[in-house]
Structures are given as C-alpha cells and as structure tokens.
Amino acid sequence: MLFVMKIGFIGLGHMGSGMARNLLRAGHEVVVFNRSREKAEVLVADGARVADTPAGVCSVSEAIMTMLADDRAVEQVVFGENAIASALPVGAIHISCSTISIALAKRLAAEHRRRGQRYLSVPVFGRPEAAESKNLLVVAAGPPEVVEQCRPLFDAIGRQTFVVGSDPSQANAVKLCGNFMIAAMLEAFGEAYATLRKADVLPHTFLEVMSMLFGSPVYANYGRLIADEKFEPAGFALRLGLKDVRLVLEAAEEFAAPMPLASLLRDNFLSAMAHGQADQDWSSVVRVAARNAGVE
C-alpha cells in the first residue's frame, strides 16, 4: 500500500471490531481503545496496539475514528475525562462513524474547529458481517480536502463511498433517513407476513417473489431473518433502532418535515421494548404486527 496513516480507533463493538481489523489489513498503523479492554486485546494478533484511555489513542494518531452506540457514548469519549477533544493534536482529524443526532454532529464540528482540529461525519450502512468483510456503504461529509485525505481509510472499510456534502451533519441526516427507510421496510415485512400466515402462505415463498420484484440484498437478507424468526444474536439491537427512529423524528421536527410513518415506527419499537425485545435484533419489531394479528 502506498498511503499509510496512523489511526486511532475507539469503539470495538459488533461493527467497530471488523472496521478496525480491515484498517489493519489495509496496512494502516492502528491503536485501539475500548471500554471493555478484552475486545481491544483481541486485535493485537492482527497488529493493533492497545491504549488505556481515549486520550492515549490521540498522542500517536493522525486521525481518530469513533464507532460508538449513541450520543451519550460519543459525548463521553470526546468531552469526558481523558477524552479526545483536549488530547487530539492541532490539525488532526476526528472521523465519527457513529449514528448520532444532527445536533451533536454540529457541536462536534464546531468544537473541533475551535481547537484547530478537523472533523468528518462518516456513518456507514451494513450489518456486522458486512463490516468484517469490507462490504459497508460509507457516507462521508465534511471539508472536501479532508474527505479526500481520508478516502484511503474509507476504501479500507467499505465497498463504496458516497460524499454527500461539505457540512458533516449532512452525512448524519443521510444515515438517519436511511435507517428510517430500513425500519419502514421491517414494518412492511411484519404486516405482510402476519397477513400471509393467516392466509396459509409461507413467508419464504412470498420473499422469493419480493426479492425478484425489488432486487435488493437488504430486502432479501432482512426478509430471510424475519421469515426464519432469527432475532438472536442481534446484529443491531432493537433499543438502538428505537434510538435512531427518535433521532430521525428529532431531525424532522427541526426541519418542520412531518414523518408520520416514523411516528408509527417509534410506537411499535416502544411496544417491542415493553415486551422484552430490547436486545433482540431490530428486525424483531415485526413481532408487534404478529401480536396485533394474533399469529405470534
């Protein structure tokens, strides 16, 4: 590889571990941090070094990538004790791959700019298996020259990169609306499968027709998960799906853009939470439609 960067990677959950491993496979020098240290130490065999704190990652890195669960986790890593905002060198880059609110993305961009640092929002689409196989769709936004500087990193973790604007928060808007579209698809599958089961039609048979009609691996993969009722282990937890639906509604309110289907999805995710599905895959939201139809 002709272009090697010194990278810090913070957040080694289902998605982050695969992303960090692919950065190592591409030849980048990677220092990792995770709140549960054992998840970081797993990557030592792949060539990673382990830091004791988020700030410790910064001292040896040109760019920091964060892949964390929600706004609160990002705020703690960026602004909390031994955090990256105060430790990142002037001119260094923070690349946030987390699914966070538009408001927090704007706050991050402003804070890093104030400190002479640079910031990109680069959320990704894909499940953990896509992160491991370098098959993510990467959505990037921020200053064009910084995006281009970091493109080798995006190439290392994904199969295609989409640059959607020069304001980092634009990438977060794309990610939130994209997750809303996936959640709407889950709801559609749930209602359709509930009706089909009452009509004695196998969901797998219906899925074959829909896969030909829509020609989408997302439809095929989620449709199969739902037809098989394979909701554990979770690739993306339902509680995080509820978080994303709330965030897209928050964004819609800010822009005065009604999203009535998103409001329905929020209520169905809340119903699923009330039935103990928080840590199941978010596709298990279809059980709400099944319960409503009396076919669970």
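The values are calculated or read from the model by the stated rules, or taken from the named source; none is laboratory data. Bear in mind that the values here come from a model prediction, so they are computed numbers and not experimental data. Heads up, the Cβs are rebuilt from the backbone with ideal geometry, glycines too, and the neighbour counts pull from every protein chain shown.
Considering the stretch 210-219, and only residues there that are buried (at least 16 other Cβ atoms within 10 Å of the Cβ) and of a type outside the set (S, T, N, Q), the residue that is farthest from residue 192 (Cα to Cα) turns out to be 219.
Residues that are of a type in the set (Ser, Thr, Tyr), surrounded by 15 or more Cβ atoms within 10 Å (Cβ to Cβ) and part of a loop (DSSP other than H, G, I, E, B) within the stretch 6-58 comprise just one, 53. The C-beta contact set for the stretch 1-22 (first residue under 20 Å from residue 55 (Cα atoms) and touching a residue at least 24 places away in the same chain (Cβ under 8 Å), second residue acidic (Asp, Glu) and in a loop (DSSP other than H, G, I, E, B), distance under 8 angstrom, 6+ apart or interchain) comprises 5/62; 6/62; 7/62. If the condition is being among the small types (Gly, Ala, Ser) and touching a Phe, Trp or Tyr at 6+ places or on another chain (Cβ under 9 Å), then the stretch 62-98 contributes 85, 86, 96. Looking only at the stretch 122-169, residues that are without any contact (Cβ under 8 Å) to a residue 40 or more places away in the chain, assigned to a helix (DSSP H, G or I), more than 14 Å from residue 23 (Cβ to Cβ) and among the charged types (D, E, K, R) come to 2 in all.
Residue-wise test of (1) at pLDDT 95 or above; (2) surrounded by fewer than 18 Cβ atoms within 10 Å (Cβ to Cβ); (3) touching an Asp or Glu at 6+ places or on another chain (Cβ under 6 Å); (4) closer than 24 Å to residue 246 by Cβ.
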residue: 60; (1), (2), (3), (4): no, yes, no, no
residue: 78; (1), (2), (3), (4): yes, no, no, yes
residue: 88; (1), (2), (3), (4): yes, no, no, no
residue: 103; (1), (2), (3), (4): yes, yes, no, yes
residue: 117; (1), (2), (3), (4): yes, no, no, no
residue: 126; (1), (2), (3), (4): yes, no, no, yes
residue: 129; (1), (2), (3), (4): yes, yes, no, no
residue: 132; (1), (2), (3), (4): yes, yes, no, no
residue: 147; (1), (2), (3), (4): yes, no, no, no
